[in-house]
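The values are calculated or read from the model by the stated rules, or taken from the named source; none is laboratory data. Not measured: the values here are computed from a predicted model. Cβ coordinates were reconstructed from backbone atoms using ideal geometry, including for glycine residues, and neighbour counts include every protein chain displayed.
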Amino acid sequence: MALRIRIAQILISEELRKGGIRAPVHLALGHEWVAVDVVGAMGPGDKILLSHRNVAYHLVKRSLASVLHEYRSGRFGSMNMIDPDSGIVYTSSILANQFPVACGVALSDNAAGSGATTFVVAGDGAIEEGAFYESLMFAAKHELPIVFVVEDNGWSMSSPVCSRRLDVDIDELCFQIGGEVCVQDYRSRCPSRPVFVGDGLRFPHVWHMKVNTYGSKGHHYHHGPIDIDIDPEYPVLCGAERKLWSREDSRRILNELRGEIG
Ligand SMILES: [Mg+2]
């Protein structure tokens, strides 16, 4: 699944280059495994709130054709694309805005007794906003069933953590506020599917996902058509993943996706 999402993003980039998409698209190269695992942890009725970099989650939940259709139609642009039927109820183009909104969603579900869990995803840049800490404290105070997912690649745009702030022990800080912290390291291994939500764990959960991303021309993030200096049939993947995914797999998925979008 993660390989399919990687190749789908390369095809989206191709479409951008051809001028078929007029809205900016924020790709999520290197975040694919996280999206697969988080969506895999969601149960029926659970909801998820995302940032502007939401494409990988949409591609886990939906077909490439439907995602491209929305990009082409420009209904929500890309930063605010939602799909309530699949549980993607909110995406934010404002940094960290999704955290307090997630608290509202979880509070509402809690009051209704739905039993649903709310997932909210952001990068390590967004946790520098006060909204992250305030939302975490609010969720802990009200015992809201929220999972805060932090995709931590150590970069915010082109700025590394060390140029932005003092080093913060995110895990200890979240634990002290009242969160149950789970750390997953995606940087040097191909992760097995983790079991995050266990009986007896206290909410809110904080899932600290350490990831590598792959830059292009020195940029770690992408805001439009990108120069991926790679063969679409053999996308660049991190160490262990490369061993698992053959050129034949890549070619088969590429052909399937090209057939899907016509
Ligand atoms: Mg980051």
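Annotations
- Here Asp185 fulfils each of the conditions (1) buried (at least 19 other Cβ atoms within 10 Å of the Cβ); (2) within 16 Å of the ligand (Cβ to nearest atom); (3) closer than 14 Å to Trp207 by Cβ apart from (1).
- Subset tally (residues that are touching a residue at least 40 places away in the same chain (Cβ under 8 Å), more than 26 Å from Ser156 (Cα to Cα) and outside any helix (DSSP H, G or I)) for the range 49-73: 1
- Counted residues, the range 115-125 - those being in contact with an Asp or Glu (Cβ under 9 Å, 6 or more places away or on another chain) and under 27 Å from Asn212 (Cβ atoms): 5
- Pairs where the first residue, in the range 1-27, is assigned to a helix (DSSP H, G or I) and the second is among the small types (Gly, Ala, Ser) and surrounded by 15 or more Cβ atoms within 10 Å (Cβ to Cβ), C-beta under 6 Å, 6+ apart: Ile5/Ala56
- Qualifying residue in the range 110-125 (condition: in a strand (DSSP E or B), among the β-branched types (Val, Ile, Thr) and within 16 Å of the ligand (Cβ to nearest atom)): yes
- Yes/no for Ser114 being among the small types (Gly, Ala, Ser), in contact with a Gly (Cβ under 7 Å, 6 or more places away or on another chain), crowded, with 22+ Cβ neighbours inside 10 Å and more than 30 Å from Gly259 (Cβ to Cβ): no
- When the range 126-151 is filtered for residues that are in contact with an Asp or Glu (Cβ under 8 Å, 6 or more places away or on another chain) and within 16 Å of the ligand (Cβ to nearest atom), the ones remaining, listed by number, are Val150, Glu151.
- Scanning the range 28-48 for residues that are surrounded by fewer than 18 Cβ atoms within 10 Å (Cβ to Cβ) and not in a helix (DSSP H, G or I) yields Gly43, Pro44, Gly45.
- The range 74-129: number of residues that are among the aromatic types (Phe, Trp, Tyr) and touching a residue at least 60 places away in the same chain (Cβ under 8 Å): 1
- Scanning the range 152-181 for residues that are of a type in the set (D, E, K, R) and within 12 Å of the ligand (Cβ to nearest atom) turns up Asp152, Arg164.
- Verdict on Met42 being away from the ligand (no atom under 16 Å from the Cβ) and closer than 23 Å to Tyr186 by Cβ: yes
- Among the numbered conditions (1) under 23 Å from Leu27 (Cβ atoms); (2) aliphatic (A, V, I, L, M); (3) at pLDDT 95 or above, the only one that Ala106 does not meet is (1).
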